[in-house]
Amino acid sequence: MINKVVANVEEALDGVQDGMTFMLGGFGLCGIPENSIAELVKKGINGITCISNNAGVDDFGLGLLLQQKQIKKMISSYVGENDEFERQMLSGELEVDLIPQGSLAERCRAGGAGIPAFFTPAGYGTEVAEGKEIREFNGKPHILESALTADFAIVKAWKGDTAGNLIYKATAKNFNPMMAMAGKITIAEVEELVPAGELDPNQIHTPGIFVQRIFQGERFEKRIEQRTVRQK
Amino acid sequence: MALDKIGIAKRIAQELQDNTYVNLGIGIPTIVANYIPEGISVEFQSENGILGMGPFPFDGEEDADLINAGKQTITALDGAVYFDSATSFAMIRGQHVQLTVLGAMEVADNGDIANWKIPGRMVKGMGGAMDLVASADNIIVAMMHTNKRGESKLLKQCSLPLTGVGCVKKVVTNLAVLEVMPEGGFKLLERAPGVSVEEIQKATEGHLIVEGDIPEMDIN
């Protein structure tokens, strides 16, 4: 068994530098690696590219990195609910590549799976298709999308073991499994870190081979973006 | 009288087919889940990674790890399943989800849809909408017939950046139910209660096809 455990978030993020590309798991604020994001803010690295489905909100998630103007480029599918993001994008301070959510997921998966590119129908006939190869399959036009990889992929899981095996909870799974595959170095922050052998191999979502560093997050705020309830 | 958002959702609920998987977009489409006709079994897919989405949780039982694509806290029904985003869009692109209901800023009479961007003004992104409209066999748009300035949202040609081309099959608005014809044009199928064909004609910039008597919607 190869031990992937690092002591803390500082050690997990050892080697991150200005100008690097990061993948960050999560959908909205659900399943984001919040301890690592806080550490990236603290480290003050600049000019980074972030691949993440969303850009957080003004005062949480990737919004914290945007506030400090540490992000040079965002690759996302949906960035609403973040005023600072919108301001930086419209003023041209921030480079933004918006891509369909399914294409984003598949591009990350492809990056980790050794598939350099693939054809998808999503975005045909729209701005997204501009400059991309178009090919017809079964009478339907498709566009060529390329794989994505990152210097660091940072994911968040519910449980993990010392071998780097991960289990996600509910819809906090989202982009985390694909991004875990696509990092040159993949960091997993988990709510609960257990010795190898404690997780049921039948239940593991991300095999530890994809994870280089794992640590138990010190604190998880797990903020809810839209609290919707019904009355009893 | 023109319908409100709940009326639109109730009318769309009548389009639900038994034993199908359905993806509901944000806004009016979400409300459709509250009006499933009796005797119809449908399962709701939310593209962030759940099949078998249930109602909002009771106050105090919210789980930050359990949300829908609108980022709202939800519950999971018996038989529900969670999955990653690549699997979710495999369900969508692979046409395992039979019906998509979503909102729009503009729909053209050739089935084009625009709902993700107003250049220089509003940038939210397309989310999963481009994957959904490029893939589902049946796409129904739920929206108001006109925008806040009173201009038609049913057009000859979309003026905003497109989300998908030639994909919308049906449009349900506060005024009418319209089918997008394969050869082009909005065929008027039903009127909102008390709304005249003339009113619908006036609010529709795209080609409106009116054949024979147009019945009123039956809602409730």
Discussion item. Testing A:LYS72 on (1) over 20 Å from A:ARG223 (Cα atoms); (2) facing chain B (nearest Cβ under 10 Å), one condition comes back false. Which one is that?
Written reply: (2)
Worksheet item: For the subset of the stretch B:184-206 comprising residues that are of a type in the set (Lys, Arg) and farther than 12 Å from B:ILE219 by Cβ, which member is farthest from the chain's Cα centre (by Cα)?
Response: B:LYS202
Discussion item. I'd like to verify a number: residues in the stretch A:185-212 that are closer than 15 Å to A:GLY25 by Cα, more than 12 Å from chain B (Cβ to nearest Cβ) and among the charged types (D, E, K, R), how many?
Written reply: 1
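Could you grab me the full set of residues in the stretch A:212-232 that are assigned to a strand (DSSP E or B) and under 25 Å from A:ASP151 (Cβ atoms)?
Listed by number, the residues that qualify are A:ARG213, A:ILE214, A:PHE215, A:GLN216.
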Practice prompt. Specify the residue that is farthest from the other protein chains (Cβ to nearest Cβ); the eligible residues are those in the stretch A:96-112 that are among the charged types (D, E, K, R) and part of a helix (DSSP H, G or I).
Written response: A:ARG107
Worksheet item: Within the stretch A:1-32, which residues are surrounded by 13 or more Cβ atoms within 10 Å (Cβ to Cβ), more than 14 Å from chain B (Cβ to nearest Cβ) and closer than 18 Å to A:LEU66 by Cβ?
Response: A:VAL16, A:MET20, A:THR21, A:PHE22
Item to complete: Could you list, in sequence order, all residues of the stretch A:34-59 that are within 14 Å of chain B (Cβ to nearest Cβ), touching a helix residue (DSSP H, G or I) at 6+ places or on another chain (Cβ under 8 Å), touching a residue at least 60 places away in the same chain (Cβ under 8 Å) and not β-branched (Val, Ile, Thr)?
Response: A:ASN53
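Using the structure shown, decide if B:PRO215 is within 29 Å of A:PRO141 (Cβ to Cβ), surrounded by fewer than 22 Cβ atoms within 10 Å (Cβ to Cβ), out of contact with any Cys (no Cβ under 9 Å at 6 or more places or on another chain) and at pLDDT 95 or above.
Numbers: within 29 Å of A:PRO141 (Cβ to Cβ): no; surrounded by fewer than 22 Cβ atoms within 10 Å (Cβ to Cβ): yes; out of contact with any Cys (no Cβ under 9 Å at 6 or more places or on another chain): yes; at pLDDT 95 or above: yes.
No, not satisfied.
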Discussion item. I need the strands (runs of 3 or more DSSP E) fully contained in the stretch A:1-93, keeping only those with at least 1 residues that are among the charged types (D, E, K, R).
Written reply: A:71-76
Discussion item. With within 28 Å of B:LYS71 (Cβ to Cβ), out of contact with any helix residue (DSSP H, G or I) (no Cβ under 6 Å at 6 or more places or on another chain) and in contact (Cβ under 8 Å) with a residue 40 or more places away in the chain as the only criterion, which of A:GLU225, A:GLU192 stands out?
Written reply: A:GLU225
Worksheet item: Going by the structure shown, is A:ILE154 hydrophobic (A, V, I, L, M, F, W, C) and in contact with an Asp or Glu (Cβ under 8 Å, 6 or more places away or on another chain)?
Response: yes
Fill in: Answer residue from the stretch A:153-184, given it is hydrophobic (A, V, I, L, M, F, W, C), more than 24 Å from A:MET20 (Cα to Cα) and crowded, with 24+ Cβ neighbours inside 10 Å and is nearest to the other protein chains (Cβ to nearest Cβ) among those
A:ALA172
Discussion item. If B:PRO161 meets every condition in (1) surrounded by fewer than 24 Cβ atoms within 10 Å (Cβ to Cβ); (2) in contact with a Pro (Cβ under 8 Å, 6 or more places away or on another chain); (3) closer than 18 Å to B:VAL180 by Cα apart from one, which number is that one?
Written reply: (3)
Worksheet item: Looking only at residues in the stretch A:113-135 that are assigned to a loop (DSSP other than H, G, I, E, B) and within 21 Å of the chain's Cα centre (by Cα), which one is nearest to the other protein chains (Cβ to nearest Cβ)?
Response: A:ALA122
Worksheet item: Any idea how many residues of the stretch B:1-45 are surrounded by 20 or more Cβ atoms within 10 Å (Cβ to Cβ) and of a type in the set (Phe, Trp, Tyr)?
Response: 1
Discussion item. For the stretch B:173-209, give me the residue count where each residue is under 21 Å from B:ALA13 (Cα atoms) and polar (S, T, N, Q).
Written reply: 2
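The values are calculated or read from the model by the stated rules, or taken from the named source; none is laboratory data. All values derive from a computational prediction rather than experimental measurement. Using ideal geometry, Cβ is built from the backbone for each residue, glycine included, and neighbour counts are taken over all protein chains shown.
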